[in-house]
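Student: What follows is a structure written as structure tokens; I'll ask about it next.
No value in this document is a laboratory result; all are computed from the given coordinates. What you see is a predicted model; the values in this text were computed from it and never measured. Cβ atoms come from the backbone with ideal geometry, glycine included; neighbour counts cover every protein chain shown.
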Amino acid sequence: MTLLNVPPTRNATPARLNCPEDCRTIVARDIGMSYKLGDRRVPVLRDIDLSVRSGNVKLLMGPSGSGKTTLLSILAGLLSPTQGRVELLGENITALSKAQLSRFRLENIGFIFQGFNLFPALTALENVELALDLRGIRGKEARDRAQAMLEQVGLGDKASNQPRDLSGGQKQRVAIARALVARPKIVMADEPTAALDSHSGHAVMELLRKLAKEEGVTVLMVTHDPRIVDIADSIIHLEDGIIQGS
Amino acid sequence: MASLARKNLLEDIPRFLVAQAGIMFAVVLVTVQLGIYRGFLKSTALIVDEAEADLWVSSEDMVYFELTPSLAAENLFEIQGLDGVELAEPLLLPSAQWHSQSGQLSTMKVIGFDPDGELFQPWNIIEGNPEQLDEPFSILIDRTNLRPLDIGGVGEVADINSIPSTVVGLTEGTQSIASSAFAFTSLESALAYSTTAFSTSLSCQSDADGNLSCDRVARRVPQENWADNRQEARTLQASDTVTHVLVRIENSANLEEVRAAIESAIPGARALTGEQVAERTRLYWRDRTGIGFTLGMGAALGVVVGVVIVSQILYSSVSDHIKEFGTLKAMGASDWTLYGVVIEQAMWMAVTGYAPGTALCWFIAQWTASSMGIVVLITPLSSVAVFGITLAMCVGSAFFAIQKVTRVDPAIVFKA
Ligand SMILES: Nc1ncnc2c1ncn2[C@@H]1O[C@H](COP(=O)(O)OP(=O)(O)OP(=O)(O)O)[C@@H](O)[C@H]1O
Ligand SMILES: [Mg+2]
């Protein structure tokens with residue numbers, strides 16, 4: 001299974017090796033979230049308890065406005081919950097300072113966005129290199145790794161294209177390369193197929209699943225898209241801020 | 001990350017060009033104002049800088065080199081006899097009135113020197129030669145004064161204190177911006193110009209003990225009588241006055257000793273080095289004109305306009321790329337990484353605005369020097385200083401953009 005798929009050239013990280021079978025990469029305990037609207041507090045999430053097993057691909061589904069994006073932001077350390085705590089890789093990130101959180105995301109989380117969020121002025125290769133640059137990996141090593149990653153997503157020949165010269169599916173594949181190139185342990189995605197047609201949406205998510213499995217990456221993905229449920233190891237349903245079942 | 005700053009900047013070329021124009025504006029204003037300041041001050045003491053005297057002997061009441069009580073010419077002969085003095089030559093700097101053929105009146109500063117002397121000679125002579133000054137009432141003037149003095153060129157005649165005088169040559173880059181037009185001429189001619197407006201007589205009184213004390217009294221001659229009071233050119237006599245005595249000391253002599261010897265031999269005189277006289281002159285004009293403040297205001301205005309434009313450009317650039325900054329933040333980029341992008345953009349702007357700005361200044365300086373005789377002094381040091389100011393201006397302008405970057409909420413990345 002997962003570990004056996006790791007190619008020999010890639011070093012499995014110690015964290016992964018030490019992780020027991022039921023090891024949880026993402027754990028949320030008793031999360032509550034409410035937004036302030038004027039002098040009222042509007043509850044958005046209530047009593048959220050969830051966990052994601054290491055190396056699994058988990059989908060977070062639910063109707064619009066049910067709080068999926070809010071929950072994902074909290075789990076990714078982009079938003080502080082009003083209640084409860086989040087543990088990622090055994091670390092209680094709710095207790096971290098802003099700068100520590102930023103560092104934690106840099107080292108452990110790759111992001112994929114609905115709108116791709118590529119840097120339009122940079123080429124595909126430079127977009128991928130950027131993720132390495134932020135981690136202090138530059139020059140030839142960064143270029144080679146970025147190029148290899150682009151080849152893995154099937155875009156080896158598009159390295160010097162700017163995002164505007166790529167199709168939606170290709171852009172999202174560049175974004176996947178960018179999210180994975182620095183070998184994060186977690187990937188978080190919000191509706192990554194929403195801007196793609198159903199065929200390329202499915203193809204791109206298949207690719208993400210394949211690469212994630214090779215690397216043993218844990219994936220948490222918000223989606224509306226019923227056509228990609230087959231890529232998931234498990235699914236959480238959210239309704240009105242409450243988990244309906246998983 | 002390096003490429004992100006540069007490429008985001010170049011992505012919107014029109015905006016980039018506006019930023020460049022703003023920076024060029026600031027660079028030109030600062031460089032030109034600084035250059036005019038330095039060029040102005042340098043021009044005020046050009047005559048002093050060009051003289052090859054070790055010491056300038058002048059009245060102790062000298063305000064600056066053009067404004068000083070005269071010395072008695074007999075002091076010149078006394079100085080020539082002092083130990084350690086190799087050479088002493090007089091300089092006579094009377095003010096005069098210039099009357100062009102068509103009747104235009106201008107003030108003039110006559111620079112009377114010994115055309116055969118060694119310590120002062122006009123320089124940058126572009127037409128004619130100093131030997132022609134041996135002919136009485138021949139003058140050299142700066143090319144840029146032709147028009148202000150209402151005279152066509154070499155060979156033409158105008159009156160200086162009612163004495164018809166001939167322009168025998170032209171100089172270039174010799175005029176002080178602060179002074180009246182200079183006319184270089186021989187000592188003899190200068191002496192005649194200086195005495196036309198004055199008649200001198202001895203006034204003697206005897207005191208109670210019967211001792212006779214005499215003073216030389218100069219009385220102003222009414223202008224309508226100048227022509228009658230006209231002097232023939234004659235050589236300097238002990239009873240005349242000179243403005244400065246230029247001294248070259250012997251190789252073996254000690255400057256301080258010669259200076260002390262001169263000052264003790266001639267009461268009321270002071271011996272200063274050329275550098276000291278030049279410095280006093282520049283300080284006089286600086287304080288007298290308040291030019292530092294005026295030009296400083298101009299330069300500050302340039303910087304303010306530059307800051308406003310660059311701030312605005314950087315801020316709007318950050319606003320346009322706010323989603324990218326949010327993405328970087330979500331990906332875990334530190335605040336300083338983000339500031340680095342903005343600051344690097346600011347520095348690219350500084351460099352790319354400075355280079356053409358400085359080139360433009362160089363052309364401006366060439367043009368003002370050749371067409372108006374105004375020296376805009378641009379030195380390597382002042383260029384480096386202006387580059388520093390430009391860099392500080394641009395990086396300082398990043399302040400508001402950085403504020404905006406700081407406030408970006410990384411959670412926006414998941415909002416459509
Ligand atoms: N910054 C905010 N301030 C106030 N209310 C907010 C804020 N962000 C989200 N909400 C509210 O929280 C609720 C959940 O929003 P969220 O974006 O998490 O829903 P979602 O499940 O992602 O919906 P969709 O599928 O449409 O993206 C919504 O009612 C929304 O209006
Ligand atoms: Mg959402």
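Student: Between 0 and 90 degrees, rounded to the nearest ten: what's the tilt of helix B:380-407 against the longest Cα principal axis of chain B?
Tutor: For B:380-407 against chain B, the angle is about 30 degrees.
Student: Using only Cα atoms and rounding to the nearest 10 degrees, what angle (0 to 90) does helix A:198-215 make with the longest principal axis of chain A?
Tutor: 90 degrees
Student: Shifting gears a bit: Along the three principal axes, how long is the stretch B:264-376 when you take its alpha carbons, biggest first, rounded to the nearest angstrom?
Tutor: 84, 36, 20
Student: Note down the magnitude of the dipole of the protein assembly as shown about its Cα centre, charges +1 on Lys and Arg C-beta and -1 on Asp and Glu C-beta and zero elsewhere, to the nearest 20 debye.
Tutor: Rounded to the nearest 20 debye, it is 5640 debye.
Student: A further question follows. With contacts defined as alpha carbon pairs under 8 Å and 6 or more residues apart, what's the relative contact order of chain A in percent?
Tutor: Relative contact order of chain A: 28 percent.
Student: Taking Cα pairs under 8 Å and at least six residues apart, what relative contact order does the stretch A:51-156 come out at, in percent? Don't skip to the answer; put the middle values down first.
Tutor: Working: 49 pairs, mean separation 13.7, N = 106.
Rounded, it is 13 percent for the stretch A:51-156.
Student: If you take each beta carbon of peptide A:69-81 and count the beta carbons of other chains within 10 angstrom, what is the mean?
Tutor: Numbers: counts 4, 2, 0, 2, 8, 1, 0, 5, 4, 9, 4, 1, 0.
Neighbouring Cβ atoms belonging to other protein chains average 3 per residue here.
Student: What does DSSP give for chain B in terms of the percent of beta bridges that are antiparallel, rounded to the nearest 5?
Tutor: 80 percent
Student: Given a Förster distance of 41 Å, report the FRET efficiency between B:Y339 and A:E151 from their Cβ-Cβ distance, rounded to the nearest 0.05.
Tutor: Efficiency, rounded to the nearest 0.05: 0.75.
Student: Which value in nm describes the separation of the simple spin-label points at B:Q101 and B:Q237, placed 7 Å from the Cα toward the beta carbon?
Tutor: The modelled label-to-label distance comes out at 3.6 nm.
Student: Moving on. With springs only between Cα atoms under 10 Å, which of B:S311, B:S59, B:S334 fluctuates most in a Gaussian network model of chain B?
Tutor: Highest fluctuation of the listed residues: B:S334.
Student: Calculate the tail of P(r) for chain B: the fraction of all Cα-Cα distances greater than 30 Å, expressed in %.
Tutor: Beyond 30 Å sits 57 percent of the P(r) for chain B.
Student: Alpha carbon centre of the stretch B:15-62 versus the stretch A:131-153: separation in Å?
Tutor: Distance between centres, Cα-based: 53 Å.
Student: Rounded to the nearest 5, what % of the DSSP beta bridges within the protein assembly as shown are antiparallel ones? Walk me through the numbers on the way to the answer.
Tutor: On the way: 61 of 89 bridges.
Roughly 70 percent of the DSSP beta bridges within the protein assembly as shown come out antiparallel.
Student: A further question follows. Where Lys and Arg each count +1 and Asp and Glu each count -1, what net charge lies around B:S334 among other residues with Cβ under 13 Å from its Cβ? If you can, show how the numbers build up before the last one.
Tutor: On the way: positive: A:K98, A:R103, A:R105, A:R135, B:K329; negative: A:E107, A:D133, B:D335.
Residues close to B:S334 contribute a combined charge of +2.
Student: Which three numbers, in whole Å and largest first, are the semi-axes of the equivalent ellipsoid of the stretch A:127-210 derived from its Cα gyration tensor as √(5λ)?
Tutor: Those come to 21, 15, 10 Å.
Student: Another question, if that's okay. Identify all lysines with a Cα-Cα distance to B:K109 below 21 Å; exclude those on the same chain that are fewer than 8 residues away in sequence.
Tutor: B:K42
Student: Another question, then. Which net charge results when you count Lys and Arg as +1 and Asp and Glu as -1 among the other residues whose beta-carbon is under 10 Å from that of B:R259?
Tutor: Neighbourhood net charge equals -3.
Student: Between B:A72, B:A365, B:A265, which gets the highest mean-square fluctuation from a Gaussian network model of chain B, Cα cutoff 10 Å?
Tutor: The residue that fluctuates most here is B:A265.
Student: Dividing the Cα radius of gyration by the Kirkwood radius, what Rg/Rh value follows for the stretch B:46-287?
Tutor: We get a ratio of 0.98 for the stretch B:46-287.
Student: Let me ask something else. Connecting C-alpha atoms closer than 10 Å in a GNM of chain A, tell me which of A:L208, A:L37, A:L88 has the biggest fluctuation.
Tutor: In this elastic network of chain A, the residue with the biggest mean-square fluctuation among A:L208, A:L37, A:L88 is A:L37.
Student: Taking only Cα atoms, what is the 0 to 90° angle, nearest 10, from helix A:124-134's long axis to the longest principal axis of chain A?
Tutor: The two axes meet at around 60 degrees.
Student: Shifting gears a bit: What number comes out for the charge environment of B:S316, summing +1 per Lys or Arg and -1 per Asp or Glu over other residues with Cβ under 13 Å away?
Tutor: -1
Student: Please find the FRET efficiency linking A:S80 to B:S371, where r is the Cβ-Cβ separation and R0 is fixed at 51 Å, and quote it to the nearest 0.05.
Tutor: Plugging the Cβ-Cβ distance into 1/(1 + (r/R0)^6) gives 0.15.
Student: For the stretch B:46-287, what's the relative contact order in percent, using C-alpha pairs closer than 8 Å and at least 6 residues apart?
Tutor: Details: 528 pairs, mean separation 80.8, N = 242.
It rounds to 33 percent for the stretch B:46-287.
Student: At 222 nm, what helix-only mean residue ellipticity would chain B give, in deg cm²/dmol to the nearest 500, using -39500 (n - 2.57) for each DSSP H run of four or more?
Tutor: -16000 deg cm²/dmol
Student: Post the alpha-carbon centroid distance, the stretch B:318-383 to the stretch B:65-133, in whole angstrom.
Tutor: Their Cα centres are 49 Å away from one another.
Student: Less than 26 Å apart at the alpha-carbon level, and either on another chain or at least 8 residues along: which lysines does that give for B:K323?
Tutor: Leaving aside lysines fewer than 8 places away in the same chain, those within reach of B:K323 are A:K36, A:K68, A:K98, A:K158, A:K171, A:K185, B:K7, B:K404, B:K415.
Student: Additional query: Give the dimensionless ratio obtained when the Cα radius of gyration of chain A is divided by 2.2 N^0.38 Å.
Tutor: Numbers: Rg = 17.8 Å, N = 246, 2.2 N^0.38 = 17.8 Å.
Rounded to two decimals, the normalised Rg is 1.00.
Student: If you bin every alpha carbon distance in the protein assembly as shown into 20 Å steps from zero, what whole percent lands in each bin?
Tutor: For the protein assembly as shown, the binned pair fractions read 15, 30, 17, 15, 16, 6, 0 percent.
Student: Next question. Using R₀ = 22 Å, calculate the FRET efficiency as 1/(1 + (r/R₀)^6) where r is the Cβ-Cβ separation of B:R15 and B:T406; round to 0.05.
Tutor: 0.50
Student: Consider just the alpha-carbon atoms of the stretch B:362-411 and return their Rg together with their Dmax, both in angstrom.
Tutor: For the stretch B:362-411, the Cα radius of gyration and maximum Cα-Cα distance read 19.2, 63 Å.
Student: Let me ask something else. Quick check: residue separation of A:S160 and A:K210 times 0.36 nm, minus the Cα distance between them. What number comes out in nm?
Tutor: Once the chain is fully extended between A:S160 and A:K210, it gains 15.5 nm.
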